[in-house]
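*Asks:* Sharing a structure below in structure tokens format, with a few things to ask.
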Amino acid sequence: MDITMPVTMGQMGLGLALGLGAVGSALGIGVAGQAAAGAWAKEAKAGKPLSFQYIILAGMPLSQTFYALILALVFMKGKAFGAEGVEPIIASFPGAFFGIGLAGGLIELFSAWYQGKIGAAACRALCEGEGKGFVFMIIAMGLVESVGLLGFIFLFLLLP
């Protein structure tokens, strides 16, 4: 039996998980980073000290890339490859590995992207609200973070 195609399909799940998760982080960081730069410009123009809180808000979407990386590493080193090597396990469940990788990548992509959008709004709110409400904004971003984390955990549990 030629196992090249099933193995390739299963391995594509690796790339999808990590690639889509990283794209989501880049989108989220980009959106929040732009808002942070605008807030710093407004603070600088007003002669105020620049707030470090914007760095935290802009950096939070990065964690989804780590969730996707861990999922991909589990594919490579843990349950997916087993003792006999890559072919027997991935060839037996190529659709499962592909589906888990795709689902994981999409979960992390949208979680990071929307976390960045919340971070962008939080930067503006902090700048205009004189720094009030930071904890509430972290909580709002943490809710979206929870979606990425829970998606990662549930998909990890589905691995064959």
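*Asks:* Identify all residues within the range 111-142 that are small (Gly, Ala, Ser) and over 23 Å from Val23 (Cβ atoms); write none if there are none. So that I can check it myself, show each step before the final result.
*Replies:* So in the range 111-142, the residues small (Gly, Ala, Ser) come out as 111-112, 116, 119-122, 125, 129, 131, 133, 140, 142.
Those that are small (Gly, Ala, Ser) and over 23 Å from Val23 (Cβ atoms): Ala125, Gly129, Gly131, Gly133.
*Asks:* Related question: Mind telling me which of the residues Glu145, Glu108 ends up being crowded, with 23+ Cβ neighbours inside 10 Å, of a type in the set (Asp, Glu) and within 20 Å of Leu20 (Cβ to Cβ)?
*Replies:* Glu108
*Asks:* Sticking with this structure for a sec: Does Ala120 fit the bill of being surrounded by 17 or more Cβ atoms within 10 Å (Cβ to Cβ), within 16 Å of Leu149 (Cα to Cα) and modelled with pLDDT of 80 or more?
*Replies:* Details: surrounded by 17 or more Cβ atoms within 10 Å (Cβ to Cβ): yes; within 16 Å of Leu149 (Cα to Cα): no; modelled with pLDDT of 80 or more: yes.
Answer is no for this residue.
*Asks:* Of the residues Met76, Met12, Met1, which is at pLDDT below 95 and over 22 Å from Leu155 (Cα atoms)? Break it down into steps so the answer makes sense when it comes.
*Replies:* Working: Met76 fails: over 22 Å from Leu155 (Cα atoms); Met12 fails: over 22 Å from Leu155 (Cα atoms).
Answer to the check: Met1.
*Asks:* Looking at (1) at pLDDT 85 or above; (2) of a type outside the set (D, E, K, R); (3) crowded, with 21+ Cβ neighbours inside 10 Å; (4) over 19 Å from the mean Cα position of the chain (by Cα), can you tell me which one Ser51 breaks?
*Replies:* (3)
*Asks:* Something else: For the list (1) closer than 13 Å to Ser25 by Cα; (2) modelled with pLDDT under 95, I need the number of the one condition that Ile70 fails.
*Replies:* Exception for Ile70: condition (1).
*Asks:* Can you tell me which residues in the range 16-73 are more than 28 Å from Ile153 (Cα to Cα) and hydrophobic (A, V, I, L, M, F, W, C)?
*Replies:* Answer for the range 16-73, where residues must be more than 28 Å from Ile153 (Cα to Cα) and hydrophobic (A, V, I, L, M, F, W, C): Ala35, Ala36, Ala37, Ala39, Trp40, Ala41, Ala44, Ala46, Leu50, Phe52.
*Asks:* Could I ask something else about it? If only one of Pro61, Pro94 is modelled with pLDDT of 95 or more and either surrounded by 17 or more Cβ atoms within 10 Å (Cβ to Cβ) or over 19 Å from Ile138 (Cα atoms) (or both), which one is it? Steps first, please.
*Replies:* Values: Pro94 fails: modelled with pLDDT of 95 or more.
Residue meeting the stated conditions: Pro61.
The values are calculated or read from the model by the stated rules, or taken from the named source; none is laboratory data. Computed from a prediction, not measured in an experiment: that's the story for all the values here. Please note: Cβ atoms are built from the backbone with ideal geometry, for glycine as well, and neighbour counts cover all protein chains shown.
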